[in-house]
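The values are calculated or read from the model by the stated rules, or taken from the named source; none is laboratory data. Predicted, not measured: the structure shown is a model, and the values here were computed from it. Glycine also receives a Cβ, built like all others from the backbone with ideal geometry; neighbour counts cover every protein chain displayed. For accessibility, only protein heavy atoms count, side chains too; no ligands or nucleic acids. Shrake-Rupley method; radii C 1.70, N 1.55, O 1.52, S 1.80 Å.
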Amino acid sequence: MTHEGILMGMGNPLLDISAVVDDHFLQKYDLKSNDAILAEEKHVPMYEEMANNPNVEYTAGGATQNSIRVAQWMLQIPGATSYIGCIGKDKFGEEMKKNSKLAGVNVQYYEDESTPTGTCAVCVVGDQRSLVANLSAANCYKSEHLKRPENWALVEKAKFYYIAGFFLTVSPDSIQLVSEHAAAHDKIFMMNLSAPFICEFFKDAQDKFLPYMDFLFGNETEARTFSKVHGWETENVEEIALSLSRWPKASGTHKRIVVITQGADPVIVAEDGKVKKFPVIFLPKDKIVDTNGAGDAFVGGFLSQLVQEKSIEDCVRAGCYAANVIIQRPGCTYPEKPDFN
């Protein structure tokens, strides 16, 4: 099986601006810990404030790009992954290109001339994080870029596609092109619930693409929000995962597998009308540096084994391994080589 270009991601490339802040900072900008939101006018000054923070760090981020970078790191096969999204023609965009190419991902960014590269403020308080995404150029992605022959070739080459739910706010027509291609060609299409606000405010778009999803990822908060929005009247994450797995499919070729993470609690996998639980790797609290990117890393680890046709057990184990590595480091970063076997 050739692995070149086997996994393709599409999403919002954001340069993560990560800094340790305090509760006062969260209150000042009306933020909740362990949340992900889109920036409003009132949040604009915080980017400058964080950039001036002496402990600030920059990483190529955005949920999908994080997962693809981690999958690439776990695979250690040059060019196994590709990624598409929109950046600006500016220094943050150059930083992102450099960062991603170093990671070994085949990035094909659409460069917007007039809008700055998107950024995500990662506000770290203790081991929790609050994310505020200022999409800027990431919001300008157009499906015309995807349809260019050199980019569509990446779609045709890939066998697995992963798109975070955040991209529903940017280019649903691009998601449609890829999801329909996957269904027509017996390939694997995957998405993520991504954030409570996606489940609440982009419900129709999410519902439209659910039939195409062969794998659906999320965490317990997102799963409960999805249940509430759909009037399911249950907070039981196992029941929610089962209901999601039974949602009708666009193509009968693959069943849907739903994977829900719950922080330090077991990972829930709903498949074939049954739920399995997998323990995560125990990590003492004093070893946790920063939970930013833990969910993205879990998906990346999972995908690295899935594209090699490993068992779901192996995929979850790899996901837990990758998340465990990432939370012991600042941001979504990792050592040079994985030691997963």
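Can you tell me which of (1) charged (D, E, K, R); (2) closer than 20 Å to Y162 by Cα; (3) in contact (Cβ under 8 Å) with a residue 24 or more places away in the chain is the one D127 doesn't meet?
Unmet condition: (2).
Wholly within the range 76-183, which helices (runs of 4 or more DSSP H) include no fewer than the required count, namely at least 2 residues that are modelled with pLDDT of 95 or more?
Ranges flagged: 143-147, 149-157.
Please enumerate the residues belonging to the range 269-281 that are in contact (Cβ under 8 Å) with a residue 40 or more places away in the chain and not in a loop (DSSP other than H, G, I, E, B).
Once the filter is applied, which keeps residues that are in contact (Cβ under 8 Å) with a residue 40 or more places away in the chain and not in a loop (DSSP other than H, G, I, E, B), the range 269-281 yields V269, E271, F278.
Considering only the range 277-313, state which residues are surrounded by fewer than 17 Cβ atoms within 10 Å (Cβ to Cβ) and at pLDDT 95 or above. So that I can check it myself, show each step before the final result.
Pass one, the range 277-313, residues surrounded by fewer than 17 Cβ atoms within 10 Å (Cβ to Cβ): 277, 279, 281-289, 309-311, 313.
K277, P279, E309, K310, S311, E313 - these are the residues of the range 277-313 that are surrounded by fewer than 17 Cβ atoms within 10 Å (Cβ to Cβ) and at pLDDT 95 or above.
Is it true that K255 is assigned to a loop (DSSP other than H, G, I, E, B), farther than 20 Å from E239 by Cα, open to solvent by 20 Å² or more (accessible area, probe 1.4 Å) and of a type in the set (K, R)? Let's see the steps before the verdict.
On the way: assigned to a loop (DSSP other than H, G, I, E, B): yes; farther than 20 Å from E239 by Cα: no; open to solvent by 20 Å² or more (accessible area, probe 1.4 Å): yes; of a type in the set (K, R): yes.
So K255 fails the test.
Would a scan of the range 224-237 turn up a residue that is open to solvent by 70 Å² or more (accessible area, probe 1.4 Å), in contact (Cβ under 8 Å) with a residue 40 or more places away in the chain and within 22 Å of the chain's Cα centre (by Cα)?
no
Would you check if I198 is part of a helix (DSSP H, G or I) and either in contact (Cβ under 8 Å) with a residue 60 or more places away in the chain or of a type outside the set (A, V, I, L, M, F, W, C) (or both)? It would help to see each step written out before you state the result.
Working: part of a helix (DSSP H, G or I): yes; either in contact (Cβ under 8 Å) with a residue 60 or more places away in the chain or of a type outside the set (A, V, I, L, M, F, W, C) (or both): no.
For I198, the condition - part of a helix (DSSP H, G or I) and either in contact (Cβ under 8 Å) with a residue 60 or more places away in the chain or of a type outside the set (A, V, I, L, M, F, W, C) (or both) - is not met.
Can you tell me which residues in the range 37-60 are in contact with a Pro (Cβ under 8 Å, 6 or more places away or on another chain) and either farther than 20 Å from P13 by Cβ or open to solvent by less than 70 Å² (accessible area, probe 1.4 Å) (or both)?
Initially, the range 37-60 is screened for residues in contact with a Pro (Cβ under 8 Å, 6 or more places away or on another chain), giving 57, 60.
Across the range 37-60, the qualifying residue is only A60.
So, in the range 8-24, how many residues would count as being buried (at least 19 other Cβ atoms within 10 Å of the Cβ) and farther than 23 Å from E95 by Cα?
Matching residues across the range 8-24 total 1.
Considering L15, L38, which residue is touching a residue at least 12 places away in the same chain (Cβ under 8 Å) and in contact with a Ser or Thr (Cβ under 7 Å, 6 or more places away or on another chain)?
On the way: L38 fails: in contact with a Ser or Thr (Cβ under 7 Å, 6 or more places away or on another chain).
Only one candidate passes the filter, namely L15.
Inspect the range 182-189 for any residue being farther than 26 Å from A153 by Cα, crowded, with 24+ Cβ neighbours inside 10 Å and touching a residue at least 12 places away in the same chain (Cβ under 8 Å) and give the result as yes or no. Before the answer, list the steps.
If we filter the range 182-189 for residues that are farther than 26 Å from A153 by Cα, which is where we start, we get none.
Checked the range 182-189: no residue is farther than 26 Å from A153 by Cα, crowded, with 24+ Cβ neighbours inside 10 Å and touching a residue at least 12 places away in the same chain (Cβ under 8 Å).
State whether the residues of the range 203-212 include one that is within 25 Å of I188 (Cβ to Cβ) and basic (K, R).
Of the range 203-212, the ones within 25 Å of I188 (Cβ to Cβ) are 203-212.
Going one step further and asking which of them are basic (K, R), we end up with 203, 208.
Yes, there is a match, as at least one residue in the range 203-212 is within 25 Å of I188 (Cβ to Cβ) and basic (K, R).
Any idea how many residues of the range 126-140 are open to solvent by 10 Å² or more (accessible area, probe 1.4 Å) and either polar (S, T, N, Q) or in contact with a Phe, Trp or Tyr (Cβ under 8 Å, 6 or more places away or on another chain) (or both)? Explain how you work it out, then say what you get.
Going through the range 126-140, the residues open to solvent by 10 Å² or more (accessible area, probe 1.4 Å) turn out to be 126-129, 131, 133-136, 139-140.
In the following step, the residues that additionally are either polar (S, T, N, Q) or in contact with a Phe, Trp or Tyr (Cβ under 8 Å, 6 or more places away or on another chain) (or both) were identified as 128, 133-134, 136, 139-140.
Going through the range 126-140 one residue at a time, the tally reaches 6.
Does any residue of the range 75-95 turn out to be surrounded by fewer than 24 Cβ atoms within 10 Å (Cβ to Cβ), among the charged types (D, E, K, R) and either within 17 Å of G300 (Cα to Cα) or under 17 Å from the mean Cα position of the chain (by Cα) (or both)?
No, that holds for no residue.
Give the residues of the range 141-181 that are open to solvent by 10 Å² or more (accessible area, probe 1.4 Å) and polar (S, T, N, Q), sorted by residue number.
T169, Q176
Hey, any hits in the range 50-64 for a residue that's touching a helix residue (DSSP H, G or I) at 6+ places or on another chain (Cβ under 6 Å) and not in a loop (DSSP other than H, G, I, E, B)?
Checking the range 50-64: at least one residue is touching a helix residue (DSSP H, G or I) at 6+ places or on another chain (Cβ under 6 Å) and not in a loop (DSSP other than H, G, I, E, B).
Can you confirm whether the range 98-114 contains a residue that is within 23 Å of A297 (Cα to Cα), surrounded by fewer than 23 Cβ atoms within 10 Å (Cβ to Cβ) and among the aromatic types (F, W, Y)?
yes
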